[in-house]
Amino acid sequence: MTTFIELLLGGLSIGSVYALIALGFVVIFKATEVVNFAHASLLLAGGYVTAVLHDDIGFWPALGVGIAGAAVVGAGVEFFVMRRYRGSDHSVLAIVTIGVDIILVTELTRRMGTDVMALGDPWGDDVVTIGGVTLAETRIAAFLVAGLLITVFLLAFRFTSWGVSMRAAAENPQTAALMGIKLGRVSLSAWAVAGALAAVAALFLTVFPTPGLERATSLAALKAFPAAILGGLDSTTGALAGGLIVGVTESLATGYQSDLSFLGRGIGDLAPYLVMVIVLLVRPAGLFGTKELARV
Amino acid sequence: MATLEIRALSVGYGPVRALRDVSVDVPAGAITAVLGGNGAGKTTLLRAVSRTLGFHRGTGTGTIRFDGQALEGLGPAQVVAAGVVQVPEGRQVFARMTVADNLRAGALGARGGRKAVAAALTRVHELFPVLAQRAHQRAGLLSGGEQQMLAMGRALMAGPRLLLLDEPSLGLAPLMAQKIAETVQEINAAGTSVMLVEQNASIALRLATTAYVLDVGEVALEGPAGELAASDEVRRRYLGVVDETAAEDADRAGRAPRTLSRWSA
Ligand SMILES: Nc1ncnc2c1ncn2[C@@H]1O[C@H](COP(=O)(O)OP(=O)(O)OP(=O)(O)O)[C@@H](O)[C@H]1O
Ligand SMILES: [Mg+2]
């Protein structure tokens, strides 16, 4: 039972981090109908900036610069690349993001080499034990921070003028333009917000028990794709649900790997995708989505 | 002295010619009607003014000036800031957003500050009390007539000096169409110029001072609304009055002149 609770809590924690990534992914899709395959590279960029700076300027400032940096990279991709393709087919736009991803990841991994970089977080490998259940402090911090950011984001999305313009542009870009909403600004802010959220996620994907930031981090970030897709690509609620489902599934499947050995090794990595496929068979638009993927 | 001056406007969507050499004046303070059947180019004319042809890969030539300011070359948001706001055909409310949020969205392009927006909201709620009652309901749940009110209220939130209305009576029961017509008059009386595009000629000609009739992308007739309403061609084609001699007259008219004044001379 203790094992189960530990796995469940660990899964919710990592799931909330996936939710952060998926949320940014969904925001870009809602605002611009672009499936952003460059999302993992934004995350890598944010993590890299934090990792490089934390020794010199301290962890918190470095994290701040990393978040801002990833937001700038996101905005830059929108402004210098995506904007040139405005009006193109959605599949063309998606392929453009793949190109962007390749360029960014190649450059970042060239700089990182084979290093595993620490981000200098204050939690280290400390653990907390409550009633026999042991949790790493990093997992608790991840859950709290992700929860807080998601709450702030959803409140802003619902109540601020920025949120109103995002939702209007997502629902009907032409009519939004008729209301004087600047679509260019909407999509720029979507990319910036997505980058910022991804940079925070980068931190929690690389802290204990993970060794640190490395090439493979972008692979971990890819788990947010099944999260976003199974939740429904155009649903913020879906991103949250999808993130948590993927996190918990992965955690349980990894934890009970030996009991599931008839499914073969590495079921923990595969489980999120299995869940996604099953969900999509039942609900092609995802749990909370309204647009079917076929539209992409 | 015209607020909106459209001169020699031609618009195409790729190989499709939608408007040819169209000139229209919308005088300040008045209601100007633009009539025409399906595909005549009415919506295209409004898109050219609101600078949203780009959404349809449409391109055009000609000049459009509002109070002396050239609108060509501006973006849609700048046109709104200049005081020209369009209510799109088919209402296009943001169905998944609440009524209140739809109105907030309408205010995003407004020039004035918070005070102006608050005043606009009060006025919209006066004009359409139902929008206050349904403030927290999703707009998609409103009836067609209520959605038309919301679309108009949303446009008024930006405090327009010129309101462009694209077939506001489309798909509405006569009573509701009548109510919308009265509201258009009320909005106009409060100082907003109106360019009213309609297929429903009887309503439009009753409201408007001047009217234009578009036919396959060209101005076929223009003149004071009263004269147009009395003209046989308009009666036959747009007011549903069937009359043998009028039909013959109209046939002849179709071949020869272009403006009502010349035609009736
Ligand atoms: N997005 C578009 N792409 C290509 N052609 C278009 C487009 N929109 C309109 N057209 C064409 O331009 C012409 C004028 O269309 P427009 O929509 O302006 O007419 P309308 O008078 O508003 O008609 P309705 O009363 O049916 O709304 C038509 O021939 C139409 O087929
Ligand atoms: Mg039309």
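Observations on the structure shown:
- Tally of residues being touching a strand residue (DSSP E or B) at 6+ places or on another chain (Cβ under 6 Å) and open to solvent by less than 30 Å² (accessible area, probe 1.4 Å) across the stretch A:202-247: 3
- Any hit, the stretch A:14-37, residues being over 17 Å from A:Gly195 (Cα atoms), in a helix (DSSP H, G or I) and of a type in the set (Val, Ile, Thr): yes
- Residue in the stretch B:108-127 that is within 19 Å of the chain's Cα centre (by Cα) and within 30 Å of B:Ala229 (Cα to Cα) present: yes
- Hits in the stretch A:66-87 - residues which are in a helix (DSSP H, G or I) and either within 14 Å of chain B (Cβ to nearest Cβ) or free of Cβ contacts under 8 Å to residues at least 40 places away in the same chain (or both): A:Gly76, A:Phe80, A:Val81, A:Arg83, A:Arg84, A:Tyr85
- Failed criterion for B:His136 (all others in (1) within 14 Å of chain A (Cβ to nearest Cβ); (2) within 16 Å of ligand 1 (Cβ to nearest atom); (3) farther than 15 Å from B:Arg91 by Cα hold): (2)
- Matching helices (runs of 4 or more DSSP H) fully within the stretch A:152-252 where at least 1 residues are in contact (Cβ under 8 Å) with a residue 40 or more places away in the chain and within 14 Å of chain B (Cβ to nearest Cβ): A:161-171, A:183-206
Residues are listed down the side, and each one gets a yes or a no for (1) open to solvent by less than 10 Å² (accessible area, probe 1.4 Å); (2) out of contact with any helix residue (DSSP H, G or I) (no Cβ under 8 Å at 6 or more places or on another chain):
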{"residue": "B:Pro168", "(1), (2)": "yes, no"}
{"residue": "B:Lys179", "(1), (2)": "no, no"}
{"residue": "B:Thr183", "(1), (2)": "yes, no"}
{"residue": "B:Ala189", "(1), (2)": "no, yes"}
{"residue": "B:Val197", "(1), (2)": "yes, no"}
{"residue": "B:Ala211", "(1), (2)": "yes, no"}
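- All strands (runs of 3 or more DSSP E) inside the stretch B:28-122 with 1 or more residues being surrounded by fewer than 16 Cβ atoms within 10 Å (Cβ to Cβ) and either touching a residue at least 24 places away in the same chain (Cβ under 8 Å) or away from ligand 2 (no atom under 16 Å from the Cβ) (or both): B:58-66
- For the stretch B:96-107, residues that are within 15 Å of B:Gln148 (Cβ to Cβ) and within 22 Å of the chain's Cα centre (by Cα) total 3.
- Within the stretch B:103-120, if we keep just the residues that are aliphatic (A, V, I, L, M) and facing another protein chain (nearest Cβ under 8 Å), the residue that is farthest from B:Gln92 (Cα to Cα) turns out to be B:Ala110.
- Taking (1) touching a residue at least 60 places away in the same chain (Cβ under 8 Å); (2) surrounded by 16 or more Cβ atoms within 10 Å (Cβ to Cβ); (3) more than 14 Å from A:Gly120 (Cα to Cα) in turn, A:His90 satisfies each apart from (2).
- Near pairs, Cβ below 8 angstrom, 6+ apart or cross-chain, from the stretch A:257-285 (assigned to a helix (DSSP H, G or I) and surrounded by 14 or more Cβ atoms within 10 Å (Cβ to Cβ)) to any residue that is basic (Lys, Arg) and modelled with pLDDT under 75: A:Gln257/A:Arg265
- A single entry from B:Gly145, B:Gly171 fulfils the requirement of being within 16 Å of ligand 1 (Cβ to nearest atom) and away from chain A (no Cβ under 14 Å): B:Gly171.
The values are calculated or read from the model by the stated rules, or taken from the named source; none is laboratory data. Note that this is a predicted model, so its numbers are computed, not measured. Note: ideal-geometry Cβ built from the backbone for every residue, glycine included; neighbour counts use all protein chains shown. For accessibility, only protein heavy atoms count, side chains too; no ligands or nucleic acids. Shrake-Rupley method; radii C 1.70, N 1.55, O 1.52, S 1.80 Å.
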